[in-house]
């Protein structure tokens, strides 16, 4: 199966320029293609995963992908998909973000030294060296105001206002395509559906800037669809905020749980979008969702594949261990590292390592509102220490209750967890 057919089967093509021409181009050439990632934060989030994985799909099909970090365009701000002007980050901040994003791309795409290895470039290499005169003469002259106003990324902002800075973003991204065409023989750009106007503008700049050179110019653009969820909420957002690819911002356990909690109505679509599973395995999982949804086999498979891809086999094993311990209540098997991940957002009480009565600890840590209530909770079997019920009112919490001499997990009732952090 050719790469375009596979993408179509997975629902990954939103728009494409000259589909038949692109199909022939991909069949007859080792095509160099690129996708850009502007460093708007010190980490990518899961919204970036589809285009990242798209690069990997083309690599597996024998083509040469370029991941372009927008160290230059990141200082300007893309107006696409926004109703208001972005706040500009300082040069130092963008440089720091760019390096962090580059390292994430290296890790996720497993950049190696083989023939069609993913190449990571930074557009600041050329945009940062360009003078205003060069910009206006070499690029600006090829764009009419009418052409730019017709693009959705600009026209959608006219009513609320758009600065000349963001208005110019389209030209800067077009320059990226042209520079990569000249330097790397890059003939294809991919991106999200909101990038269609920028992509086609880049194709236009390549043609116009080289129309006197009598070249047979073949350049193409392809976009992936906007990811939507069946319940109408935004993909990649939770009550705690965005799902980041940086394990310091979103732990592997939280990342794993995000995918585990995928709605039955979305899970097969997400498996097609994000994984490399075969058509047969996807069909089998679709059957599982229809016949035995309570087993959540598809969600588990999706969570496994994504956690391995973004983090590692070891991180997946740890996330599964934490999940199993929380499900079974066997919390003593967890390490301190496991607890830091799995209980990151639960109420935490810091205290010294002296022995303390359970009643006093429950009150001091605001687990029970009073000593009277604490005694009732213990007597009624509502208090668990590291997963084990404790009904002795005079029980003393000591060293044996500390996991790795650091943490004690207390549960009150069925679901209310509290973490005691011994300093």
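Values quoted throughout were computed directly from the atomic coordinates according to the rules given, and no laboratory measurement underlies them. This is a predicted model, so every value here is computed, not measured. Glycine gets a Cβ as well: all are built from the backbone with ideal geometry, and neighbour counts include every protein chain shown.
Details
- Taking the C-alpha atoms only, the angle from helix 313-328 to the longest principal axis of the chain is near 40 degrees.
- Fully extended contour minus Cα-Cα distance, from residue 136 to residue 226, at 0.36 nm per residue: 29.1 nm
- Axis angle, to the nearest 10 degrees, between helix 279-291 and the longest C-alpha principal axis of the chain: 40 degrees.
- Taking 20 °C and 1.002 mPa s as conditions, the stretch 348-422 diffuses translationally at an estimated 179 µm²/s according to Stokes-Einstein applied to its Kirkwood radius (Cα pairs).
- By average C-beta atoms within 10 angstrom, highest first, the peptides 121-128, 3-10: 121-128, 3-10
- Expected 222 nm ellipticity per residue - DSSP helices of 4 or more, -39500 (n - 2.57), all of the chain, to 500: -12500 deg cm²/dmol
- Computed FRET value (nearest 0.05) for residue 313 with residue 264, which takes r as the C-beta separation and R₀ as 22 Å: 0.25
- Each residue, residue 340 and residue 27, gets one label point 7 Å from its Cα in the Cβ direction; the gap between the two is 5.5 nm.
- Counted residue by residue at 0.36 nm each, then reduced by the alpha carbon distance between them, the extension gain from residue 158 to residue 350 reaches 63.8 nm.
- The stretch 1-67 shape via C-alpha gyration tensor axes, a/c threshold 1.5: prolate
- The stretch 366-402 and the stretch 156-208 have their alpha-carbon centroids 62 Å apart.
- The three principal axes of the C-alpha atoms in the chain carry coordinate ranges of 90, 49, 43 Å, sorted with the longest axis first.
- Linear extension gain, residue 217 paired with residue 41, 0.36 nm per residue minus alpha-carbon span: 59.8 nm
- Helix 91-108 and the longest principal axis of the C-alpha atoms of the chain enclose an angle of approximately 80°.
- Label-point separation, residue 88 to residue 20 (7 Å along Cα→Cβ), nm: 4.7 nm
- Relative intensity of the stretch 3-224 on a log10 scale, I(q)/I(0) at q = 0.11 Å⁻¹, equals -0.52, per a Debye sum over C-alpha point scatterers of equal strength in the absence of solvent.
- Directionally averaged projected area (the stretch 180-320, Cα convex hull): 11.7 nm².
- Both radii were evaluated on the Cα set of the stretch 237-328; the Rg over Rh quotient, with Rh as the Kirkwood radius, amounts to 0.96.
- Computing FRET efficiency as 1/(1 + (r/R0)^6) for residue 404 and residue 324, where r is the C-beta to C-beta distance and R0 is 22 Å, gives about 0.70.
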